[in-house]
1. Which members of region 99-113 meet the condition of being within 14 Å of the chain's Cα centre (by Cα), surrounded by fewer than 23 Cβ atoms within 10 Å (Cβ to Cβ) and under 13 Å from residue 41 (Cβ atoms)?
2. Any residue at all in region 48-67 that's touching a residue at least 24 places away in the same chain (Cβ under 8 Å), under 23 Å from residue 158 (Cα atoms) and over 12 Å from the mean Cα position of the chain (by Cα)?
3. What helices (runs of 4 or more DSSP H), lying completely within region 1-92, carry at least 3 residues that are modelled with pLDDT of 50 or more?
4. Go through (1) more than 18 Å from residue 38 (Cβ to Cβ); (2) in a loop (DSSP other than H, G, I, E, B) for residue 152 and report which single condition fails.
5. For region 117-131, enumerate the residues that are surrounded by 16 or more Cβ atoms within 10 Å (Cβ to Cβ) and over 13 Å from residue 151 (Cβ atoms).
6. Here's a check for you: in region 93-111, which residue that is in contact (Cβ under 8 Å) with a residue 12 or more places away in the chain and part of a loop (DSSP other than H, G, I, E, B) is farthest from residue 57 (Cα to Cα)?
7. Mind checking which residues of region 112-146 are free of Cβ contacts under 8 Å to residues at least 24 places away in the same chain and not in a helix (DSSP H, G or I)?
8. From the list 141, 159, exactly one residue is in contact with a strand residue (DSSP E or B) (Cβ under 6 Å, 6 or more places away or on another chain) and surrounded by fewer than 16 Cβ atoms within 10 Å (Cβ to Cβ). Which is it?
């Protein structure tokens, strides 16, 4: 009897794992991900609150997309936001730096990769506030909010780097 229960439990666990993997694959079908670190990508240094779960999820998103990430839990993010040269209304919950650029908030990894490829003359990218559905802010069963990745230089917006419509 115990052996039958164990086999049923293992079979169900395998089934749920496959279903979960299929769900995740369908949710991110258009988002290229890598499960190992890409040695060609530079280190991302993140400054965040120790208690912020969405910041941890964004760090995982970056790691899942090949980035090496060094995360620092800090009590005061203001010095890092000043170093990032953010303007009014551009802030979010964490600040990162990569290859001379600032990355503020829940910027998708593929936008960071594009930034590193194109190397525009900007200070960085920001996703102001914390829009639902952006990397690290996913809520199962809830459609994503529309949001934009904004490029900026020295505190001034320079344009829309990427546009994400609602529901994606």
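The values are calculated or read from the model by the stated rules, or taken from the named source; none is laboratory data. Fair warning: this is a prediction, and the values are worked out from it, not measured in the lab. So basically every Cβ, Gly included, is an ideal-geometry build from the backbone, and we count neighbours across all protein chains shown.
1. Here is the first cut: in region 99-113, the residues within 14 Å of the chain's Cα centre (by Cα) are 102-113.
Next cut, surrounded by fewer than 23 Cβ atoms within 10 Å (Cβ to Cβ) only: 102, 108, 110-111, 113.
Passing the criteria: 110, 113.
2. No, region 48-67 contains no residue that is touching a residue at least 24 places away in the same chain (Cβ under 8 Å), under 23 Å from residue 158 (Cα atoms) and over 12 Å from the mean Cα position of the chain (by Cα).
3. On the way: elements: 2-27, 53-64, 78-83.
Per the criteria, 53-64, 78-83.
4. (2)
5. 129, 130, 131, listed by residue number.
6. Start the filter on region 93-111 by keeping residues that are in contact (Cβ under 8 Å) with a residue 12 or more places away in the chain, which leaves 93-99, 101-111.
Narrowing the set further to residues that are part of a loop (DSSP other than H, G, I, E, B) leaves 93-94, 99, 106-108.
Working: 93: 12, 94: 11, 99: 22, 106: 10, 107: 12, 108: 12 Å.
Step by step, filter region 93-111, then rank; the result is 99.
7. 119, 132, 139, 140, 141, 142, 145, 146
8. Values: 141 fails: in contact with a strand residue (DSSP E or B) (Cβ under 6 Å, 6 or more places away or on another chain).
Residue meeting the stated conditions: 159.
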